[in-house]
1. Please specify each residue of the stretch 184-225 satisfying the condition of being under 21 Å from the mean Cα position of the chain (by Cα), of a type in the set (Val, Ile, Thr), modelled with pLDDT of 95 or more and under 25 Å from SER88 (Cα atoms).
2. Pick out the one residue from SER336, SER267, SER263, SER300 that is farther than 27 Å from VAL49 by Cα, in contact (Cβ under 8 Å) with a residue 60 or more places away in the chain and of a type in the set (Ser, Thr, Tyr).
3. Of all residues in the stretch 88-106 being open to solvent by less than 40 Å² (accessible area, probe 1.4 Å) and assigned to a helix (DSSP H, G or I), which is nearest to TRP207 (Cα to Cα)?
4. In the list GLU83, GLU122, which residue meets the criterion of being closer than 30 Å to SER265 by Cα and open to solvent by 60 Å² or more (accessible area, probe 1.4 Å)?
5. With the checklist (1) under 24 Å from GLN101 (Cα atoms); (2) out of contact with any helix residue (DSSP H, G or I) (no Cβ under 7 Å at 6 or more places or on another chain); (3) at pLDDT 95 or above in hand, flag the one item LYS181 doesn't pass.
6. Take the residues in the stretch 317-334 that are part of a strand (DSSP E or B) and among the hydrophobic types (A, V, I, L, M, F, W, C); name whichever of them is surrounded by the most Cβ atoms within 10 Å (Cβ to Cβ).
7. Determine which member of the set THR303, THR228, THR278 is open to solvent by less than 20 Å² (accessible area, probe 1.4 Å) and at pLDDT 95 or above.
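The values are calculated or read from the model by the stated rules, or taken from the named source; none is laboratory data. Quick caveat: nothing in here was measured; it's all calculated off a predicted structure. Cβ coordinates were reconstructed from backbone atoms using ideal geometry, including for glycine residues, and neighbour counts include every protein chain displayed. When the accessible area is computed, the model is the full protein with side chains, heavy atoms only, and any ligands, DNA or RNA have been set aside. Shrake-Rupley method; radii C 1.70, N 1.55, O 1.52, S 1.80 Å.
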Amino acid sequence: MSGHNESQSLRFFLNNLEKEELLSLSCPREDYLMSALSLQLESEKKFPVIKMTDPETGKVAVANSFANRDILKKFIHNIDCVETAADSFKDIIYTDYPSVQEIATVGDDVNVLDLPVFRHFEGDAGRYITSAIVIAKDPATGRCNMSFHRMMLKDKNKIGISLHSRGDLYRYFEYARANQKDLEIAAVIGCHPAYHITCASTIPAIWDDYSWAGAYMNQTPEVTRALTVDIPVPAHAEYVLEGKLKWDQFEDEGPFGEYTGYSTSRSTRNIFEVTAITHRHNAIYQDLVPGYSWEHLLLSQFTDEINLLAKLQKEIPEVTGLALPKNGCHFHAYISLKNPSKGLAKRAMMLLFGLDHYLKLIVAVNDDVDIYDDDDVLWAMSTHMQASRDVFIIPDVVCNRLDPSSREGMSDKMGIDATNEEAGAKRVTLPEDVHLKAAKLIRNFEND
């Protein structure tokens, strides 16, 4: 048993942001506004967390929590050794002080339509919960799994949910449906970012996902028992929606603005029947701006870049970096190599295609190219690549079905070797002290 531990909450995250990392606004909650704010900030290359307070109701909503690498690095631990660190967090702690159950609504009194949920884009079929962490138990092992799924509000106790990623939750549901049983789930809204990073991580089935959340927080997770389903939930979350995926009910859901930048109606058409809503006093609603937003894309790329790089380097030490650019919508990667021998870049790209089935384009460059700068990568392609020699294509490989160019879940894979094998070739440079002097002169001019 344990006492109240605010350090595992969304509020701890918000309270420990620097002034410049938080944009606090007082304005009425309005459909589309959170999306517009996030995308406008992104266009200005600004990535603060957005905190919106409705002056009439006092209700608070936050978004853009996952748009800034530097912010996430302050709160997420053990990124490069999470599988080892998770060994220390195999247990969970049940607390006597679950703040998420300060207020509870059960049964006929449940009304999800009262939640302060946003409509995000004009093409959306309705208001969508986008940040919810869905927790379910593996029917074979009892391990807890966490995953993201879009949720469309339909009726007071009914939510449309899609399992089209065909991950663990989809498998659990298919098992329950084969036995003509509903599948118990809990949807968590507003918690420590470690839970969201866990959701976005690729976790081997041998792990209970709580152990990874503990490793990312560097704390043993504090949980409480849900009121109407047999699932442990984070004790200090803002909201929890409890209920069941109905084994015999299906309804259309969508369209919805996905990370590709397109609205899609692709859906498994599942129904989430909500049996209870619990939340904190003055609960904060956490939104996640969907569509082609940096928050949406960075959430999974943040750990993918680190974990995929570690796996590549284990086999090919010459690999020095890996970036998943926003423009690739999870489908592109850039890798850098130090002094690659002939054919090594191609081997690295083929290995990476095998590690991540989302990828359909990989560009390999030398380690003097900035893989986080698209212009620098394109410069390497223009000066190092000959298509007949340096491009290879693998047709008809399994891919992510949300790729609008895919056909029946299949995509071609293309690798581009933009490394430079010319002996002694060096890029033009300037002395570092001259760079600093130039920057200082420009700042002084701007401040005059």
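1. Answer for the stretch 184-225, where residues must be under 21 Å from the mean Cα position of the chain (by Cα), of a type in the set (Val, Ile, Thr), modelled with pLDDT of 95 or more and under 25 Å from SER88 (Cα atoms): just VAL188.
2. Numbers: SER336 fails: in contact (Cβ under 8 Å) with a residue 60 or more places away in the chain; SER263 fails: farther than 27 Å from VAL49 by Cα; SER300 fails: farther than 27 Å from VAL49 by Cα.
Residue meeting the stated conditions: SER267.
3. By that ranking, first place goes to PHE89.
4. On the way: GLU83 fails: closer than 30 Å to SER265 by Cα.
Step by step, each of GLU83, GLU122 is checked, and only GLU122 is closer than 30 Å to SER265 by Cα and open to solvent by 60 Å² or more (accessible area, probe 1.4 Å).
5. (1)
6. So in the stretch 317-334, the residues part of a strand (DSSP E or B) come out as 319-323, 332-334.
Checking the rest, the ones that are also among the hydrophobic types (A, V, I, L, M, F, W, C) come to 319, 322-323, 333.
Numbers: VAL319: 26, LEU322: 23, ALA323: 21, ALA333: 28.
Checking each candidate, the answer is ALA333.
7. Details: THR303 fails: at pLDDT 95 or above; THR228 fails: open to solvent by less than 20 Å² (accessible area, probe 1.4 Å).
From the options THR303, THR228, THR278, the qualifying one is THR278.
Residue-wise test of (1) crowded, with 24+ Cβ neighbours inside 10 Å; (2) among the aliphatic types (A, V, I, L, M); (3) without any contact (Cβ under 8 Å) to a residue 40 or more places away in the chain.
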position: ILE185; (1), (2), (3): yes, yes, no
position: TYR195; (1), (2), (3): yes, no, no
position: CYS199; (1), (2), (3): yes, no, no
position: TYR210; (1), (2), (3): yes, no, no
position: GLN219; (1), (2), (3): no, no, no
